[in-house]
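K.L.:
Questions regarding the structure given below will be posed in turn.
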Amino acid sequence: MSANRESVTIPIFPCRSIDEQLEFYQALGFELTYRQAKPNLYACVRHRIVELHFFVWKQLDPSNSYSMCYVHVRDVDAVHKEFCENLKNAYGKVPSRGFPRITKPNNLVEDRRFNLIDPAGNRLLIGQKHASAAPVQTEQTVMAQPSRFANAFETAYRLAYAKDEPAEAAKVLDLVFSKAEEASASLRYKAYVLRADIAASMDEINHALVLMQEAEQLSLSGQEREEVVEATKRLLELKGAFGHGHS
């Protein structure tokens with residue numbers, strides 16, 4: 001975000017209802033800056049990170065929406081925390097499934113990001129570039145193991161966290177779990193946690209618990225423990241979400 005930039009790009013997203021859109025974005029903390037009733041319904045909202053405009057398309061199906069934009073921010077975790085707190089204050093919970101929803105921040109090769117999907121299915125990819133120009137080792141990166149299992153893990157990771165397509169990610173992993181013994185213990189651990197997180201996002205709680213148990217039963221060396229720090233954090237988050245009684 002250069003201070004010398006001379007122009008600003010503003011996404012114009014479709015929605016089924018202006019009222020529905022404004023209720024959601026104002027709950028997030030956006031400010032309503034303009035609303036038009038005639039000759040067509042139109043509205044604008046603004047937050048310090050982005051400005052958005054909306055028009056009505058009554059035939060819109062949120063599940064088939066391809067509208068999206070990438071929003072580069074300086075502190076992605078701070079923005080995510082702010083949005084989650086505002087949503088919880090407004091709705092009593094943070095929506096993680098259906099429309100609208102917000103995903104958790106995840107480290108990808110190119111950035112750290114989360115997805116925000118509004119009631120109309122429009123997707124904001126909100127991300128922060130990694131500080132170092134050098135390749136960043138993430139849960140997605142499995143450089144030393146170009147096996148079918150490793151490739152499947154990388155594909156599933158991106159489908160789940162970059163594209164927010166948990167069902168497709170689940171299919172990719174499930175096809176190769178029979179080959180899990182060929183992979184290192186650390187990679188298997190990451191895969192079980194990823195699949196558990198996917199299952200949880202799809203309300204398959206019992207399946208998620210089984211996968212979490214599979215991960216915890218793996219014997220990891222000290223070096224391997226260092227390789228799965230991010231996955232371990234996610235596993236602890238899942239255990240916390242399900243309650244300590246499910247540990």
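K.L.:
How do the strands (runs of 3 or more DSSP E) wholly within segment 1-98 filter down when requiring 2 or more residues that are farther than 24 Å from K163 by Cβ and out of contact with any helix residue (DSSP H, G or I) (no Cβ under 8 Å at 6 or more places or on another chain): which remain?
P.N.:
Counting at least 2 such residues, we get 31-36, 42-47, 50-56.
K.L.:
Within segment 21-61, restricting attention to residues that are surrounded by fewer than 15 Cβ atoms within 10 Å (Cβ to Cβ) and basic (K, R), which residue is farthest from D75 (Cα to Cα)?
P.N.:
K38
K.L.:
Continuing with this model, one more query. Kindly provide the set of residues from segment 195-209 that are surrounded by fewer than 16 Cβ atoms within 10 Å (Cβ to Cβ) and without any contact (Cβ under 8 Å) to a residue 12 or more places away in the chain, ordered by number.
P.N.:
N206 - this is the single residue of segment 195-209 that is surrounded by fewer than 16 Cβ atoms within 10 Å (Cβ to Cβ) and without any contact (Cβ under 8 Å) to a residue 12 or more places away in the chain.
K.L.:
So is E139 among the charged types (D, E, K, R), modelled with pLDDT under 90, over 15 Å from Y70 (Cβ atoms) and not assigned by TED's automatic domain parsing to the domain that holds K233 or not? Write out each step before concluding.
P.N.:
Numbers: among the charged types (D, E, K, R): yes; modelled with pLDDT under 90: yes; over 15 Å from Y70 (Cβ atoms): yes; not assigned by TED's automatic domain parsing to the domain that holds K233: yes.
Yes.
The values are calculated or read from the model by the stated rules, or taken from the named source; none is laboratory data. What you are looking at is a predicted structure, and each value in this text was computed from that prediction instead of being measured. Using ideal geometry, Cβ is built from the backbone for each residue, glycine included, and neighbour counts are taken over all protein chains shown.
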